[in-house]
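First up is the structure itself, then whatever we jot down about it.
Each value in this text was obtained by applying a stated rule to the coordinates, not by laboratory testing. These figures come from a predicted structure and were not determined experimentally. All Cβ positions, glycine included, derive from the backbone under ideal geometry; neighbour counts span all protein chains shown.
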Amino acid sequence: MAKLQEEIADAFLEKLEESPDLTPEMIEGLRKLFSAKKKLKADDLVKVFSPPAGGDVK
Amino acid sequence: MIKLESVHIEWARGIAQKLDLDFQQKTFAISGPNGSGKSAVIDTIEFALTGQIGRLAGIGTKGLSVTEHGPHVDKAKFPDAAFVELRLFIPELGKSATITRKFKSPNKPKIEPADDDVKAALAEVADHPEITLSRRDIIRFILVEPSKRSEEIQSLLKLDEIGETRSALNTAQNRLQNSHRAATAQAISDSDALRRHLQVKTLSAEELLAAVNERRKVLDLAELGGLTPETSLDAGLSEAATASEFNKESALRDLKALTEAAQGLADICATEAGKIVADLGKLEADPALLAALQRRFFIEKGLELVDGPECPLCDTPWDDEEQLRNHLQAKLAKSEEARAIRDSLRTNGAAISDALIRIVGLIGPVHKLATVEEHTGFAEGLVAWKSDLDELKPKLDTVDGLTGLKNRLTGDWVQAPGALSADLDGLTEKVKAKPDQTAALNAQTFLTKAQVRLGDYRTALRQEKLAEAAAASAKAAYDTYCSVFETALNTLYEEVQDDFSTFYRELNRDDETKFTAKFTPSESKLDLDVNFYGRGLFPPGAYHSEGHQDGMGVCLYLALMKRLFGDRFSLALLDDVVMSVDSDHRYEFCKLLKKHFPETQFIITTHDRLWAEQMKSAGLVTSKTSVAFHSWTIDTGPLVESNKEIWNEIDDALAKGKVEVAAAALRHHLEYVSRHLADELGASPQFRADGNYEMGELLPSVLARMHKLLGKAADAAQSWGDKAKREATAARRKALSESKGAAAVEQWAVNKAVHYNEWANFGKKDFEPVVAAFKDLLDQFRCETCDAWVYVTPRRGNSESLRCSCDAISLNLKQKPK
């Protein structure tokens, strides 16, 4: 049986794919963080959510 | 998960020397009076599996540690001698393994074979100390306030990890929202600067292009037809022409803007600054609140840094990381008022920060102007002021920073240069005194500056949009996680609620067949209400008895473990639980375990020997999968009383000439067996309301009852025409009579030996016949095949059968109907 937190992480990532606010790169970044089996750190999450400067936004 | 095969314990907790138990991967019962060493076995198994002992952690255990207090007291200074060796089986791998853990180094178990899959399986077990349940744990689930229950259950189910993930997502969301807010303030500031220069009300393409094309026309440059991200307002100007961006009119507008702002600096964000000062005042007035806030910040930081059993704040070693986390979380929970003040400080600090960005935006153009116009002192003053405000900005984001700013915020926190107004006036006059620029130069510098400010604004807009997108992504992720978490939690509670109700109904099938329970989860608490005999839902402690509450605790534990491990729930250590549950319900408890958890190995301790025997009668354990401790001494540890070994113990004592030891052991054993058999056979001693029966009262009634039952069995066999059975039963009855006679004459000797300290009058030869007589007598009540005591079914009403656990003895007591 998958641990509850793994079930929640899987459902979370699956649901995020429907969200218009997150790019596939962000979801992949989150997937890596969640699968690393380490405690999530806010700094790492901020990096995932921050698109590179000079990206697609004009 | 795992099943236990055997354990070898040396010098651990209350176990002196060594102790070996053979669990055989089966449910196992350990019984014995209080203080006989049962819990030491549970402690040491828990230690072998997890490196920790729950009893030495939590409330009231300050100063206790596994390393120091895990070993037997005589080995406290020699912890090397204290260790546990646990042999176990891992069903998923089909492998047996041994884990040996020393108290000297609890975090470095020796695992054999040291295969990666074995290590991974044992690491998973080590991560689940909840396989151990004691009565104090039961109370944690049932008789606690809803917020505490929520914490306990979420901790049991490892939901604290999920809470930490949620917290990290929330922190990231807050940080990115702050970044977005700052980027927005910067964009507004740059927008103001551009509009001020263009002298337009809005930055619509129409207004902007009209202002720009008016100057381009002066220079005979082509009008711009539209505004795109690539549009350059000074397109067509030569490089030399763009070298200067001094535009007299624009410079005067910049000076005017800062001059006007300077007039209102004293009042800017005065309300917010006042609130900050008030909040800081509250903290100063209440040192405990301030300490809570400081600790909160400190602890929040510490929690972020926890990565092992050593405290990142003070390097204190803990038994494990979870204990450390729980300790820090408990401290956080105590500082909610401090949290509210912190949030207020942050909100008002953010408002001042936004205002500060706008002021800095006004300083920049004027500083450039002062430098160009060689107002050196003023320029240096503006640099110092801007630098001061830039340094101020990060301090406004934190409580510590704001605390250091209290005095400043009490008064003129902007701290503009003292001569600001005069210097602005002077510079304004100097600029005004400059000859008016030619229309061409005016247009040229206007376009150059407009392009610079448009560039700044575009950069700020891009930053703002990036920050907005990042904040939106973080918020979406946080909201989604909360939603998924809540859904999962509600589903979990529904499942647990159903299983809990089912288990409890089965445990109390005689009187609570309509029992239901309802969990009501909310943000931070979990209400539990249970149906009280159809009269409605109430908290468990409202009307139910202590025994029922104990039952509820175990049922809830089992439901939670089922949800946590599913089919992999293979081991649980139940330390003296269900002790308040009466004997009839304990049979149902055995049935419950057998029915719903057939693949789970329970290691059950109890101080009630009757309950231990009931487990045997119910088929939950056998004589081979149970052990009784009859007493404990500090030098020997638990003294094992097994049906076979008791006689060896007595023989050993006699061989050493210690008649008093042999007599005490025999009497103790007889007391226990008499009580057990009286219950199992339904003997009728003289009733005593206090339940205190002497052996001299119980044993005769047991013998009489057995004699009668065997007579009934013989009569029944006769009625059914079963001659062989009748003869066998008659022979058993005769043997009983003979044994009874032999033993009865010696009873006085046992009593006397124990009560009257007349050991000196007994020699080995005197006592040996006593032992032999009672051993022979008790053998009449035991099955030779399964070694279990006989019992009568049903327990209430007319007796129908006399039998043993394996049915090798199965005597019908009902006569053939006439």
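Data table
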{"read-out": "Near-label residues of region B:366-380 by backbone N, under 19 Å of a point 7 Å along Cα→Cβ of B:R253", "value": "B:366-370"}
{"read-out": "Residue-count net charge about B:L283 - beta-carbon cut-off 11 Å; Lys, Arg +1, Asp, Glu -1", "value": "-1"}
{"read-out": "Computed helical MRE - 222 nm, the protein assembly as shown, DSSP H runs ≥ 4 contributing -39500 (n - 2.57), nearest 500", "value": "-19000 deg cm²/dmol"}
{"read-out": "Candidates per trypsin sites (Lys or Arg not before Pro) in region B:175-246, loop by DSSP, up to 11 other Cβ within 10 Å", "value": "B:K201"}
{"read-out": "Using a Förster distance of 30 Å, the FRET efficiency for B:S232-B:K434 (Cβ separation, nearest 0.05)", "value": "0.65"}
{"read-out": "Size of electric dipole in region A:4-49: Cβ of Lys, Arg +1 and of Asp, Glu -1, about Cα centre, debye, nearest 20", "value": "380 debye"}
{"read-out": "Charge context of B:D584, other residues only, Cβ under 12 angstrom, K/R +1, D/E -1", "value": "0"}
{"read-out": "Cleavage-rule hits, GluC sites (Glu not before Pro), region B:484-537, DSSP coil, Cβ neighbours within 10 Å at most 14", "value": "B:E523"}
{"read-out": "Percent of Cα-Cα distances greater than 37 Å, calculated over the protein assembly as shown", "value": "62 percent"}
{"read-out": "Normalised per residue, the volume of the convex hull around the Cα set of region A:4-49 (Å³)", "value": "65 Å³"}
{"read-out": "Cubic angstrom per residue, convex hull over Cα atoms of region B:648-812", "value": "116 Å³"}
{"read-out": "Candidates per trypsin sites (Lys or Arg not before Pro) in region B:681-743, loop by DSSP, up to 11 other Cβ within 10 Å", "value": "B:R688"}
{"read-out": "Candidate lysines - alpha carbon under 23 Å from B:K656, same-chain residues fewer than 8 apart omitted", "value": "B:K18, B:K644, B:K752, B:K764, B:K765, B:K775"}
{"read-out": "At R0 = 41 Å, FRET efficiency that the Cβ-Cβ distance of B:K104 and B:E599 yields, to 0.05", "value": "0.70"}
{"read-out": "Computed label-point distance, nm, for sites B:Q815 and B:A288 using a 7 Å Cα→Cβ extension", "value": "7.9 nm"}
{"read-out": "Cβ neighbours within 10 Å from other chains - mean over A:8-14", "value": "6"}
{"read-out": "Whole-angstrom gap from region B:343-422 to region B:185-232, using each part's C-alpha centre", "value": "29 Å"}
{"read-out": "Region B:165-268: C-alpha gyration tensor shape, a/c 1.5 cut-off, then a/b vs b/c", "value": "oblate"}
{"read-out": "Whole-Hz couplings from phi, Karplus 6.51/-1.76/1.60, listed for region B:338-352; x for Gly and Pro", "value": "4, 4, 4, 5, 4, 4, 4, 4, 5, 4, 6, x, 5, 5, 5"}
{"read-out": "Rounded, prolate or oblate (a/c below 1.5 giving rounded, otherwise prolate when a/b exceeds b/c) for chain B by Cα gyration tensor", "value": "prolate"}
